[in-house]
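Following: one structure in structure tokens, then a few remarks.
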Amino acid sequence: MDRHAAQAYALRAKEVFDGRPAGIWAGFSCFQVPESILLYKGDPSAHVALLLFETGARVSNAAGADHFDVSFKITAGTLARNSGLTRRTVTRALEQLRLDGMIFTKRTGHTSLGRFAANKIVLLDQHTRRPLQATGKFGLLSSNHTGQFVTVPKASLAELKAMKHSREKAVYLSALALGSRELDEIVAASKQDWRKLSRLGRNPFVSGRKYCLGKRLLSHTGGVLVLHDPLTGKPSRRWQNEKVRTYHENAKWEFDLNKVSPSEYRAVIEKLLGQEFYGPADSWMSPTDGLCPLCNDKGGFAVNFAERCFKCHKCSEGSKLGKFVQRLRGTSMADAKAYIKEVISAANEVQI
């Protein structure tokens, strides 16, 4: 055992002694994505694949014990909102994933303007080109025995959306892959091995690594890589909570959205959108760029944190903020509640 491996082993052993359960990302809601996405070097195809497999995991979890092809309908607009990419970029990424045998796509439905309303996506096993089968439990890829995969905490999706450059995504995804291979958030990894897995040149890797360290998504000292909780920027301690949900469970969150305060909702929405709101605290407020995150039109979107609701005069959307979080993240309401609760808990932790 080399020095770096010994250091990583010592850190893991200490956490196990303190009561941490075995496995990776204990206490997180996660999904699995093929390790082959690393070949895209963080390009849009990798980001779109993440969103598709996260959706596929939810479809599989909701399937019960029945086995059927994992498929769902999703619009390019939804993928664009959840990734921060343009619709054209998303469309090209979907075509690339189709050519590479990761998905099968079929355009379905039409709008009043004659455009296709959605894409029907079928997730495929790249080796056999056969559809993945729903399992009714966590582990879509592990249950389908598709080979190496990366376990991704859902909380990382917001951080990935905030990344402006593909090199940053490539470095972070390759770090998640290193942790997935060892089934731990603490692994021995030299810069050379890490860069090799990311498929990046020296300068892009150095830049991407600097970004991830600066955002405290991870730490890398003395050849030991530690993956952090994306919400706290620190090594995860979720496993210390006796009631915490483990990543393979479908727990039903008992969390009352009506008890979320206006200031807490503001913190959640500002983190989700990556920008601040301006206006009187007890009235309708608009984001700094003035754009509606649902229709990307300007001048019609506003949020009333005191009333816990939003509206857009351009696209005629409007509802409660819990529903708004669900729409933006493209998740179930249970996952939206989990995200709101996690952001609030992290904010309170920082204040303490």
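Here the simple spin-label model places points 7 Å from the Cα toward Cβ, and for LYS341 and LYS196 these points are separated by 4.3 nm.
Once the Cβ-Cβ distance of GLU276 and LYS120 is raised to the sixth power relative to R0 = 25 Å, the FRET efficiency obtained is 0.10.
Of the peptides 171-178, 80-87, how do they stack up when ordered by the mean number of other Cβ atoms within 10 Å, highest first? Walk me through the numbers on the way to the answer.
Numbers: 171-178: 25.2, 80-87: 18.5.
Result, highest mean first: 171-178, 80-87.
Phi-derived couplings, Karplus 6.51 cos²θ - 1.76 cosθ + 1.60 at θ = phi - 60°, listed residue by residue for segment 119-133: 10, 8, 10, 10, 7, 10, 7, 4, 6, 9, 6, 9, x, 5, 9 Hz, with x used for Gly and Pro. Extension gain, ARG88 to GLU307, is 75.3 nm, computed as 0.36 nm per intervening residue step minus the present C-alpha separation.
The H on the amide N of LEU218, modeled in the peptide plane, is under 5 Å from the matching H of HIS228, each at least 5 residues off or on a different chain.
Among residues other than LYS41 whose Cβ falls under 9 Å from its Cβ, what is the net charge (Lys/Arg +1, Asp/Glu -1)?
On the way: positive: ARG167, LYS169, ARG199; negative: ASP43.
Neighbourhood net charge equals +2.
Report the calculated FRET efficiency for LYS320 and LEU183 (r = Cβ-Cβ distance, R0 = 51 Å), to the nearest 0.05.
0.85
The distance between label points at SER261 and SER207 comes to 4.2 nm (points 7 Å beyond Cα on the Cα→Cβ vector). Label sites at MET333 and ARG107, each approximated as a point 7 angstrom past Cα along Cα to Cβ, lie 3.4 nm apart.
HIS220 label point, 7 Å along Cα→Cβ, cut-off 19 Å on backbone N: hits in segment 40-58? Residues 40-43 qualify, since their backbone N sits under 19 Å from the label point. Phi angles across segment 44-52 convert, under the Karplus curve 6.51 cos²θ - 1.76 cosθ + 1.60 with θ = phi - 60°, into 3J(HN,Hα) values of x, 4, 5, 5, 5, 4, 4, 5, 5 Hz, Gly and Pro given as x. Residues whose amide H lies under 5 Å from that of VAL150, counting only those 5 or more places away or on a different chain, are VAL33, GLU35; hydrogens are built 1.01 Å from N in the peptide plane. The phi torsions of segment 171-180, fed into the Karplus equation with coefficients 6.51, -1.76 and 1.60 and a -60° offset, translate into couplings of 5, 5, 5, 5, 5, 4, 5, 4, x, 5 Hz, rounded to whole numbers, with Gly and Pro shown as x. Close amide-amide hydrogen proximity is noted between ILE103 and ARG98, LEU124, each under 5 Å apart and 5 or more residues distant or on a separate chain (H modeled in the peptide plane; Pro and chain starts excluded).
Taken together, the values in this text are just the output of simple stated rules run on the coordinates, not laboratory data. Bear in mind the structure is a predicted one, so any value in this text is a computation, not a measurement. Reconstructed Cβ throughout: ideal geometry from the backbone, glycine too, with neighbour counts over all protein chains shown.
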